[in-house]
Amino acid sequence: MITLNFSKKIFHSILIFYFVLGVYSSLNVGITHDEAHSYWVWELNKQKIYNIFLNSNFDISQLETYHGYYGVGFYFFSSIFELPTNFLLTSFEFLDSSKVLLNKHPSVFLFFFISGLYLKKIIYLITRNKQYAYLSTIFYFSYPYLLGHSYFNVKDIPFLSIWLICTYYLVDILKSYLKKKKIKDRKIILLSFLTAYLFSIRISGVLIFIEYFIFLLIFLNVFKVNFKIFVKFFYKKIIVFLLFFLLLLYLFHPSYWNNPLKILYSIEFMSKHIQSVCTTTLGECMKAQNLPSSYIPIWLFFKLPTLIIFGLFLFPIYEKKIFSNKNNLFIIGSLLSSVLAIIFFLILFNVNLYDELRQILFIIPLILIISLSTLYFCSKKTSYLLLILFSFYFLFQNIKIFPYNYIWLNNFTHFTKINGVFELDYWGVSTKKISNFLNKENLDRKSCIISNRNEGLKVFTIDKNRCFKSFTELHKNNERPFYVALLERGLNKGVPNKCDNIHNEKISINFSREKLTLAKIYVCK
């Protein structure tokens, strides 16, 4: 068997270096299209608090519309971490409002960093092998898809992180009961706090009760726990959980204070979120409000690392060996059942999803845990080697494609190609790169810029008086010369006659020679 001398001190040193580098990297990506709206909703919620407790008179009427259904839990805690990182932005020539948005990025990365530590805890609970838990964490941290989202995704990464933490404490509580027949109230209150906070980030946190139910059901059956005795012991703690959960749920949602029933409206609204875009999926533009059942499986197949898909493929072959241990049957069996159940319900109820897997990003770590555990029980020696090789490979990829790490797809795309087949920079991370190009001295700064992402470009534009025009002005009689910047889903929109393509933002993924076009700039003379 391969032996590793991977001490705790070395692992912690790697974590410190990774964390510092991750914070710095998060401040050097573009501001994406959702960030301004999310922060605006947070400001509305803050103003409601001011109106109630400080007798202010802010106009918060927009909270009575669908905007009030959006969760703002991330912002309650992001401000704490912003103080030490704010000085890093002092040399940036951005508008103050832009610095506020950028300074949220390190908080997102902090959530992701913490999620990795809890993934390590869960892997250790399953394998009882610290070395493997360390390697699994490094693999998780280097996975380009999640790492890319951790630089800016103010909703899905915090949601993913809290979901994973809730999962760990649920397992911890049930195992404490099994071992000691005793559970401290603080653990129940902590889980209720985390569950309520999960809801405050995304109302889709309601799905975690599916996981809670499955874990509880499998726990009772695997360990032959007497149901009546269990209920007699637990009913008071369940009441405590629900009371604290409801209290904290509304505390984290100022927009619900005047009408507690809004939580039901928000669940209904978000499950059928009105979104007219379609997501290019295996060459087909799949509409959010009419998704085929193949949508989620396709994206999982091309977004998960091939190592993880290989582990999932091995699972049914080694199922008996893995499930011969009751602990594995409880944790891995519950995780697997939860993932399958959640995917099944999303497909059954035709829940609107778009931008590939962003709304269900939280199931990715659960899938990773299942697969990584399978690889370990199949062959410890081989699993060590594979994790090391893939971590180094991901390191190379992350450097090569930064800041577009989140658009990473696995090597199966060699058979399908990527351009026009899969959605690319749908978040608009390219705004900073395109702005840097437009800031060059050899371009005419007096000329107007027409773009489908003006707000994202303005953030990084040196000349704050520069002329920007809406994309709706493109085919009107504009004074020439002017520039056209096409980003996100607008790459194939037509440009006027006598316009020359002067810059294409391109990268290549994995070992492919295919150049992916993420943004285009034209000059119209």
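Considering segment 455-525, there are no qualifying strands (runs of 3 or more DSSP E) wholly inside with 3 or more residues that are outside the structural domain of Ser435 (by TED's automatic domain parsing) and of a type in the set (D, E, K, R). Trp257 meets the conditions (1) more than 29 Å from Tyr354 (Cβ to Cβ); (2) loosely packed, with under 14 Cβ neighbours inside 10 Å; (3) touching a residue at least 60 places away in the same chain (Cβ under 8 Å) in every case but one. The failed one is (2). Scanning segment 311-355 for residues that are assigned to a helix (DSSP H, G or I) and free of Cβ contacts under 8 Å to residues at least 60 places away in the same chain yields a total of 14. If I filter segment 14-32 for residues that are without any contact (Cβ under 8 Å) to a residue 60 or more places away in the chain, over 17 Å from Ser107 (Cα atoms), out of contact with any strand residue (DSSP E or B) (no Cβ under 7 Å at 6 or more places or on another chain) and in a helix (DSSP H, G or I), do I get at least one hit? No, every residue in segment 14-32 fails to be without any contact (Cβ under 8 Å) to a residue 60 or more places away in the chain, over 17 Å from Ser107 (Cα atoms), out of contact with any strand residue (DSSP E or B) (no Cβ under 7 Å at 6 or more places or on another chain) and in a helix (DSSP H, G or I). For segment 141-173, residues that are surrounded by fewer than 23 Cβ atoms within 10 Å (Cβ to Cβ), more than 29 Å from Lys99 (Cβ to Cβ) and aromatic (Phe, Trp, Tyr) total 2.
Residue-wise test of (1) modelled with pLDDT under 95; (2) buried (at least 21 other Cβ atoms within 10 Å of the Cβ); (3) out of contact with any helix residue (DSSP H, G or I) (no Cβ under 8 Å at 6 or more places or on another chain).
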| position | (1), (2), (3) |
| --- | --- |
| Phe468 | yes, no, no |
| Phe482 | yes, yes, yes |
| Ala485 | yes, yes, no |
| Gly490 | yes, no, no |
| Asp500 | yes, no, yes |
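Each residue in segment 1-42 was checked for being surrounded by fewer than 13 Cβ atoms within 10 Å (Cβ to Cβ), touching a Phe, Trp or Tyr at 6+ places or on another chain (Cβ under 9 Å) and under 30 Å from Leu457 (Cβ atoms), and 1 of them qualify.
Give segment 195-253 a look and list any residue that's part of a helix (DSSP H, G or I), surrounded by fewer than 16 Cβ atoms within 10 Å (Cβ to Cβ) and among the charged types (D, E, K, R), or say none. The answer is Lys228, Lys232, Lys236.
For every residue, the table says whether it meets (1) under 30 Å from Leu491 (Cα atoms); (2) surrounded by fewer than 17 Cβ atoms within 10 Å (Cβ to Cβ); (3) at pLDDT below 95; (4) out of contact with any Leu (no Cβ under 7 Å at 6 or more places or on another chain).
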| position | (1), (2), (3), (4) |
| --- | --- |
| Thr281 | yes, no, no, yes |
| Lys287 | yes, yes, yes, yes |
| Leu291 | yes, no, yes, no |
| Trp299 | yes, no, no, no |
| Phe302 | yes, no, no, no |
| Leu307 | no, no, no, no |
| Pro316 | no, yes, no, yes |
| Lys326 | no, yes, no, yes |
| Ile331 | no, no, no, no |
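The values are calculated or read from the model by the stated rules, or taken from the named source; none is laboratory data. From a predicted model like this one, the values you see are computed outputs, not experimental measurements. Heads up, the Cβs are rebuilt from the backbone with ideal geometry, glycines too, and the neighbour counts pull from every protein chain shown.
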